[in-house]
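The values are calculated or read from the model by the stated rules, or taken from the named source; none is laboratory data. These numbers come from a predicted model, not from an experiment. In this analysis, Cβ positions are derived from the backbone assuming ideal geometry, glycine residues included, and neighbour counts consider all displayed protein chains. Only protein heavy atoms, including side chains, enter the accessible area calculation; ligands, DNA and RNA are left aside. Shrake-Rupley method; radii C 1.70, N 1.55, O 1.52, S 1.80 Å.
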Amino acid sequence: MKIRKNVKSVLIILWILIFSFVFSSCSLFSLPEQEAPENNDGGNQSGDNASEAQDFTIAYYSGETIDPYSSVNQSNRAVISLCYEGLIYLDSSSSPSARIADYSIEDNNIVFTIRSESRFSDGSSVTAADIVHSFQLASESDLYSFRFDNYIDDWEQLSSNTVRVSLKNSNLYNINLFDFPIVKEASVGVYPIGSGKYYISTSDGVLALHKNDYYQNSENFSFDTISLVEIQDSQDLNYNFNYGVIHAAYADLSDGAQRYKGNVELVTFMTNTLVFAAVNKSKPYLASSEISSAISRCIDRKRISEEELDSLGDIVWQPFNLNWRELENMQIKRDIYSSSEANTIFTENGLTLSDGVRVWRGSALELTVICNNEDRTRVNIANAVADSLREMGFSVNVVLYNWNDYREVIASGNYDIYIAETEIPMNFDIRYMFENGVVNSHSNISQNFLSVLDDFYSGESDIIDFLSAFNTEMPFIPLYYSRGALAVNRIVSGEFSPTETSIFEGIENWTMD
């Protein structure tokens, strides 16, 4: 009896345990959820209620000080765009509009007149002395010195609220160069005083943004305070996004968009970073510009876009970002792929087919395509370009080099095609590519083409004339423009209109559900 009673008790206990597992929130066949990270106050930030209680948060990179003239990390540049304004603002089509000061342009001079309502976050008025001080800081910084070395000649204060700037050359779009930050001359502390929508401060090592009460319509801002969440790399960013710790951030798409999944919305925007191919025209079989045009036509850019870019960029055959206002109303094809046209051009210029193999003066050719080995996407593009040429009958060898060796090989001319990346200036002036060696001298740019460029930027000819001359000369072969992205948690609502220089544009009107 005693044994049977104990067995009965055990069976009852087992039944209770099974019953509780079946009808409780934890099933016998499910794993417990991973615990979310805790915030600085030790509070758990997961769950719907937690997101309503916490501040709106954006990411910043911990590897450098947030500074308007020295920070290079894009997450920090996004924060800077909220705290510091330039003399002008560029929208997604690179159309300029005045922010701090109105401007007038005469020949190669621009006069900026500061608006009376322009205020720094401490309430003081923006003055011409502040503008001059900011110009000096920008001219000495690695970020903006290129603009001063190549385009901005001199600047001087004319009065307490006017500054005149002299430019080194004529370009209808030079006004776009003046979007760099303006700071207060008498700023003290780690973070210079700016006139942006927010200002940055630190308390016990924790960074936050606070509403600038002197900014226009600041009384209607959705967020009085924005907390900054420190990240160390993209993996750290994704982790914090997945657990709702970060609500918005710059998204690095260099490795593709697939890793931004789940509760994240990606809003992409076009950058001014161009990936292109340059042909060595000092080689007799590549000397004709028509050969470069044929190479451009035989590159299957659509396939490159589908198989290699993964939202990383937009293919182009001409040298400008298709979002640029000058191209917005033009019916420009994104691709000119035509293997038949390319074959005709190759054949007419002596690169004939023999038993399916491309030959020059009776001998088979082996083209050498070179690329820097430090960027996976560009390496993939180099191989894709090589594949397109192989389909035209060329034998192609892709050679990868470290940066120093890559530059040395280009200088020596021991290549047929190289793949490169460059940042097109905000004034869309591609003349620097030839003057500064971005497109090597082996591309043999004609003086006639350089004259066409001068006429275009001075307004003496239009963009149709320019594109016609570019397609005839083919000084380099555009492949695609890179994209960036704003990543936003899906509990955030509002109009998202990021640009390369203002990723969080419109943040003052966003809300959290």
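Evaluate the following for N404: is it closer than 29 Å to Y144 by Cβ, at pLDDT 95 or above and open to solvent by 10 Å² or more (accessible area, probe 1.4 Å)? So N404 fits the description; yes.
Looking only at the stretch 345-400, count how many residues are of a type outside the set (A, V, I, L, M, F, W, C), under 26 Å from T273 (Cβ atoms) and open to solvent by less than 40 Å² (accessible area, probe 1.4 Å). Count: 5.
Scanning the stretch 85-107 for residues that are touching a residue at least 60 places away in the same chain (Cβ under 8 Å), out of contact with any helix residue (DSSP H, G or I) (no Cβ under 8 Å at 6 or more places or on another chain) and exposed (fewer than 15 other Cβ atoms within 10 Å of the Cβ) turns up just one, D107. Within the stretch 425-448, the only residue that satisfies the criterion of being among the acidic types (D, E) and more than 20 Å from the chain's Cα centre (by Cα) is E435. Listed by first and then second residue, the pairs with beta-carbon distance under 8 Å, at least 6 apart or on different chains, first residue in the stretch 373-399 and within 22 Å of T352 (Cα to Cα) and at pLDDT 95 or above, second open to solvent by 40 Å² or more (accessible area, probe 1.4 Å) and part of a loop (DSSP other than H, G, I, E, B), are G393/G356. Of the candidates S282, S296, S292, the single residue that is within 27 Å of D429 (Cβ to Cβ), loosely packed, with under 15 Cβ neighbours inside 10 Å and not aliphatic (A, V, I, L, M) is S282.
Among the residues of the stretch 76-91, those identified as in contact with a strand residue (DSSP E or B) (Cβ under 7 Å, 6 or more places away or on another chain) and within 19 Å of A248 (Cα to Cα) are N76, A78, V79, L82, C83. In the stretch 319-340, the residues that are basic (K, R) reach residues that are part of a loop (DSSP other than H, G, I, E, B) with C-beta atoms within less than 6 angstrom, at least six apart or across chains, in these pairs: R325/S93; R325/S95.
Restricting attention to the stretch 177-209, the residues that are open to solvent by 50 Å² or more (accessible area, probe 1.4 Å) and part of a strand (DSSP E or B) total 4.
The one condition from (1) buried (at least 19 other Cβ atoms within 10 Å of the Cβ); (2) farther than 17 Å from S118 by Cα that L158 does not meet is (1). R301 meets each of the listed conditions (1) surrounded by fewer than 22 Cβ atoms within 10 Å (Cβ to Cβ); (2) among the basic types (K, R); (3) under 23 Å from E423 (Cα atoms) apart from (1).
Pairs are defined by a Cβ separation below 6 Å, a sequence spacing of at least 6 or placement on different chains, a first member in the stretch 215-233 that is within 16 Å of I80 (Cα to Cα), and a second member that is assigned to a loop (DSSP other than H, G, I, E, B) and open to solvent by 50 Å² or more (accessible area, probe 1.4 Å); the pairs so defined are T225/D55; S227/D55.
Comparison of F434, F456 shows that the only residue that is closer than 30 Å to P96 by Cβ and open to solvent by less than 10 Å² (accessible area, probe 1.4 Å) is F456.
The requirement of being open to solvent by 50 Å² or more (accessible area, probe 1.4 Å) and not polar (S, T, N, Q) is not satisfied by V229.
Of the helices (runs of 4 or more DSSP H) contained entirely in the stretch 73-176, those carrying at least 1 residues that are farther than 29 Å from A487 by Cβ fall at 128-139, 145-150.
Scanning the stretch 122-147 for residues that are over 18 Å from N161 (Cα atoms), out of contact with any helix residue (DSSP H, G or I) (no Cβ under 7 Å at 6 or more places or on another chain), open to solvent by 20 Å² or more (accessible area, probe 1.4 Å) and not charged (D, E, K, R) gives L137, L143, F146.
For the stretch 438-447, the count of residues that are part of a helix (DSSP H, G or I), open to solvent by 10 Å² or more (accessible area, probe 1.4 Å) and either hydroxyl-bearing (S, T, Y) or touching an Asp or Glu at 6+ places or on another chain (Cβ under 8 Å) (or both) is nonzero. Residues that are open to solvent by less than 10 Å² (accessible area, probe 1.4 Å), over 18 Å from F241 (Cα atoms) and not aromatic (F, W, Y) within the stretch 472-497 comprise M474, P475, I477, P478, L479, listed in sequence order.
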